[in-house]
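The values are calculated or read from the model by the stated rules, or taken from the named source; none is laboratory data. Please read all numbers here as calculations on a predicted model, not as lab measurements. Heads up, the Cβs are rebuilt from the backbone with ideal geometry, glycines too, and the neighbour counts pull from every protein chain shown. The protein model used for the area step is the full one, side chains on, heavy atoms only, and it has no ligands, DNA or RNA in it. Shrake-Rupley method; radii C 1.70, N 1.55, O 1.52, S 1.80 Å.
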Amino acid sequence: MAGKLDGKAALITGGSRGIGAAIAKRLAADGAGVAVTYSKGADAASSVVKEIERGGGRAIAIQADAADPDAVKAAVEKTVAAFGRLDVLVNNAGTAIPKPFEETTLEEMDRVIDINVRGVFVATQAALKHMKSGGRVIMIGSAVGERVLAPGLVPYSGTKGAVKMFSQALAREVGSRGITVNNVQPGPIDTELNPAAGDWAVPQKAATALDRYGHVDEVAALVAFVAGPEASYITGANLTVDGGMNA
Ligand code: NDP
């Protein structure tokens, strides 16, 4: 069966676990060759690759810490070397260090900025060198980049708000080349970063209209749509997939 991303190549940063792994599997199922980066989880990244290959898809894993600009640039070049092109960049690698603002150190703030914002800058600039008309830059921002319902997220939500405006501003620069830039904003999604079990989850679940955490595949489905040909007139948009948390 023909897939809507047949012949395309995608790079997903932070694709060894959680939302990024689900996006990688979904884009591969739609026909794209996919590269995933990871920082520490070589085994997890390799099992994502094997699962995609078992399903008849093409995938590679690349170690590249999002905080290391040379590694991120090299990951883009390795993706192009492997698949001969780059059509879709999903800036998914991200981290949070939840704690009260007045206890947050400057080093922690720098770490969150380095991964969530600086990493996005470097990967996107490197990827745009290879993207042609029809290219897709997709950010994984956050619903807390627009509205914050809980304490302890000052640096994290600051970076996700930055990602939102970064996407909107970049959409204005690359639109004339036929490249779209969109920001997918998940709400509470059950992953190791934000497990659905535990005290921290209770207020998040209660804040959703659907009264539940989301599944990684529910984010991947939106990313696959934005990556595909039917999303050709969507750019500069912030697309929230949050069970109604920000309603
Ligand atoms: P997880 O912690 O479950 O997975 C993170 C993934 O990113 C892993 O593959 C991890 O690989 C990789 N990663 C982490 N740090 C780095 C780094 N420095 N360089 C390269 N890769 C890295 O997170 P989620 O799947 O929950 O989150 C993915 C994205 O979605 C993030 O941007 C997050 O902010 C965003 N998001 C998540 C929400 C949620 O509720 N889960 C809600 C809103 C947004 P490794 O193990 O090798 O480090």
Among the residues listed as Arg147, Arg118, the single one being under 16 Å from the mean Cα position of the chain (by Cα) and among the charged types (D, E, K, R): Arg118
Residue in the range 60-79 that is closer than 16 Å to Val120 by Cβ, within 15 Å of the ligand (Cβ to nearest atom), among the hydrophobic types (A, V, I, L, M, F, W, C) and in contact with a Leu (Cβ under 8 Å, 6 or more places away or on another chain) present: yes
Positions within the range 2-27 being within 15 Å of the ligand (Cβ to nearest atom), open to solvent by 50 Å² or more (accessible area, probe 1.4 Å) and not in a helix (DSSP H, G or I), in sequence order: Arg17
Which numbered condition Asp30 fails, given (1) in contact (Cβ under 8 Å) with a residue 24 or more places away in the chain; (2) farther than 21 Å from Ser167 by Cβ; (3) within 10 Å of the ligand (Cβ to nearest atom): (3)
Qualifying residue in the range 37-48 (condition: part of a strand (DSSP E or B), within 13 Å of the ligand (Cβ to nearest atom) and either open to solvent by 20 Å² or more (accessible area, probe 1.4 Å) or under 16 Å from Asn91 (Cα atoms) (or both)): yes
One residue from Gly134, Gly145, Gly187, Gly158 being modelled with pLDDT of 95 or more and closer than 18 Å to Val88 by Cβ: Gly134
